[in-house]
Amino acid sequence: MTDTALSDLAARVASARRVTVMTGAGVSAASGVPTFRGPGGLWRHYRPEDLATRQAFARDPALVWEWYAWRRQTVAACRPNPAHEVLARWSRRDGHTLIIQNVDDLHVRAGTRDLVRLHGSLWEMTCFNGCERGTRSWRDERVPLPEMPPSCPHCGGSARPAVVWFGESLDSADVNRAFNATACDVFLTVGTSALVYPAAGLVHQARARGAFTAEINVDETPASALVDVSLRGPAEEILPAVDQLI
Ligand code: BV8
């Protein structure tokens, strides 16, 4: 990664009226949260896509809840890192939008404003049966959970994590906000493998709408060849470096 690429991105962010950033699991890696596809991404021998589905939960809610309890326990011991902190500061500027795929809420804990949370939160629950009052999510940050698997306080049925599972549609309001944010001057993706849709489609839309597009990732991704500049390195180092130059 050349200094020119770094200063070029900083100059673009500094002069932009509208900046949209989208993050993935890589932004929380330095905080100790396992990514999905990196080392430690596999829980026992299950692929996340095998557990994060309605079918998997219906088949074995105790197993799926054990996985989510493990992730809550892991994240509870983690703190936002410098990447989260830079993006929290940027979120206070006019014209900045942060779109996140992560469900660990570390961006929230870093004090980020107005973020678009596409895939929900590990710390919220809804009723799996969709009972009337249990459709609205409730927050539960207890680690460990006193009751496993947890039940819906309204109908006594199973509670589920308020996350978007594979095969489930995202909240249309979040998708609209994310789509509207692709009308920007700079669209920056940070720490995402750009494999999960519809999130992975946003950089394409931003490019089609004339935005300068950039990527920060330790590895190459399917988006690397598409974006105007791809900065190879850890987000917790590159974002503070860009921020310094603004
Ligand atoms: C849907 C919540 C409508 C749950 C998550 C089009 C084409 C192909 C497939 C589809 C398509 N449209 C829909 C699909 C199906 C599916 C999909 O995309 N499948 C993929 C796997 C091919 N999408 C869906 O099902 C979506 N729903 O489309 O509904 C519909 C309905 C029915 C039928 C059709 C359509 C729902 C998607 C949301 C799923 N829920 N999370 C939970 O967490 O338990 S997704 C979950 O995985 C995360 O939230 C995140 O989004 C994704 C993981 O991706 P990343 O965050 O990028 O993490 P990953 O580990 O992969 O990569 C980390 C990256 O960081 C790496 O590149 C690494 O190099 C880098 N890195 C590591 N360390 C660092 C770093 N970079 C910088 N610094 C570091 N230090």
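The values are calculated or read from the model by the stated rules, or taken from the named source; none is laboratory data. Please read all numbers here as calculations on a predicted model, not as lab measurements. A quick note on method: Cβ atoms are made from the backbone with ideal geometry, for glycine too, and the neighbour counts reach across all protein chains shown. Quick note on the areas: whole protein, heavy atoms, side chains included, nothing else; ligands and nucleic acids left out. Shrake-Rupley method; radii C 1.70, N 1.55, O 1.52, S 1.80 Å.
Some points to look at:
- Cβ-Cβ FRET estimate between Leu63 and Arg109, R0 fixed at 30 Å, reported to 0.05: 0.60
- Across all directions, the shadow cast by the convex hull of segment 1-140 built on its C-alpha atoms averages 10.3 square nanometres.
- Qualifying trypsin sites (Lys or Arg not before Pro) in segment 1-86, where qualification requires a DSSP coil assignment and no more than 11 other C-beta atoms within 10 Å, comprise Arg17, Arg44.
- Charge-dipole axis of the chain as Lys and Arg at +1 and Asp and Glu at -1 on Cβ define it, positive-most pick from Leu122, Phe36, Thr192: Leu122
- Counting only protein heavy atoms and a 1.4 Å probe, segment 181-246 has 40 square angstrom of accessible area per residue.
- Lys/Arg +1, Asp/Glu -1 at C-beta; segment 9-106 dipole; positive extreme among Thr53, Gly24, Ala76: Gly24
- About its Cα centre, segment 115-246 has a charge dipole of approximately 420 debye under the convention of +1 per Lys or Arg Cβ and -1 per Asp or Glu Cβ, with nothing else charged.
- Of all accessible heavy-atom area on segment 132-246, the percent that carbon and sulfur account for (1.4 Å): 49
- Expressed per residue, the C-alpha convex hull volume of the chain stands at 117 Å³.
- Ranking by accessible area, most exposed first, for His119, His45 with a 1.4 Å probe: His45, His119
- Helical runs (DSSP H, four residues minimum) scored at -39500 (n - 2.57) apiece and divided by the length of the chain put the mean residue ellipticity at 222 nm at -9000 deg cm²/dmol.
- The accessible area of Trp65, taken with all protein chains in place and a 1.4 Å probe, comes to roughly 0 Å².
- For the chain, the Cβ-based charge dipole about the Cα centre amounts to some 420 debye (Lys, Arg positive; Asp, Glu negative; other atoms uncharged).
- Over all other residues within a Cβ to Cβ distance under 10 Å of Ala88, the charged ones net out to +3, with Lys and Arg as +1 and Asp and Glu as -1.
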